[in-house]
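Take a look at the structure set out below.
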């Protein structure tokens, strides 16, 4: 199979900037990479936190920014001058629309919503519902504990090693983008031969 062609990347990230400057710096670096490679941003539509930093950076460069925002949030975190905007009713519809619009997914530092979005996307790839790559940008060791949990799940027989390895984990935005771009889907059944795992 051929490597993934990325026209759009969905970025899951925090609606706050966190306590380290490195998180905001990584958001700018990632935005600059998308600008350089002419890859459009699909994201949760917020104008604050790491979401807002990325969107603002790309809009200033004249790049495509697609916001997908539940209507109940619009009055709180919306109103960026998106190049495309999709208001939706629910958080579930938001994820469905972002998945439909994106060629790949990656998560930056964030909270409950960011984790849930990433894990759902990774699960859909694991199950073969989609062939889209999923990445985790582990800035300043933010996700070390979560990565350890993934490894623990493999060791305890709840996740296949190949499925864990299919989640692309890097601490550098450039390396992560390169690996997302060179990703070739590997279809490994969750059930065949080891149906009890996962």
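Before we move on, is residue 135 touching a strand residue (DSSP E or B) at 6+ places or on another chain (Cβ under 8 Å), surrounded by 12 or more Cβ atoms within 10 Å (Cβ to Cβ) and at pLDDT below 95? Here the answer is no, as residue 135 does not meet what is asked. Of all residues in the range 70-88, those satisfying the criterion of being farther than 11 Å from residue 42 by Cα and either in contact with a helix residue (DSSP H, G or I) (Cβ under 6 Å, 6 or more places away or on another chain) or modelled with pLDDT of 90 or more (or both) are 70, 80, 87, 88. Return the total of residues in the range 170-188 being surrounded by fewer than 18 Cβ atoms within 10 Å (Cβ to Cβ), under 19 Å from residue 109 (Cα atoms) and in contact with a helix residue (DSSP H, G or I) (Cβ under 9 Å, 6 or more places away or on another chain). Qualifying residue count for the region: 3.
Going residue by residue through the range 89-112, is there one that turns out to be touching a helix residue (DSSP H, G or I) at 6+ places or on another chain (Cβ under 7 Å) and surrounded by fewer than 19 Cβ atoms within 10 Å (Cβ to Cβ)? For the range 89-112, residues touching a helix residue (DSSP H, G or I) at 6+ places or on another chain (Cβ under 7 Å) and surrounded by fewer than 19 Cβ atoms within 10 Å (Cβ to Cβ): present. Residues that are touching a strand residue (DSSP E or B) at 6+ places or on another chain (Cβ under 6 Å) and in contact (Cβ under 8 Å) with a residue 40 or more places away in the chain occur at least once in the range 145-167.
The values are calculated or read from the model by the stated rules, or taken from the named source; none is laboratory data. Since this is a predicted model, take the numbers as computed values, not measurements. Ideal geometry is used to build each Cβ from the backbone, glycine not excepted, and the neighbour counts take in all protein chains shown.
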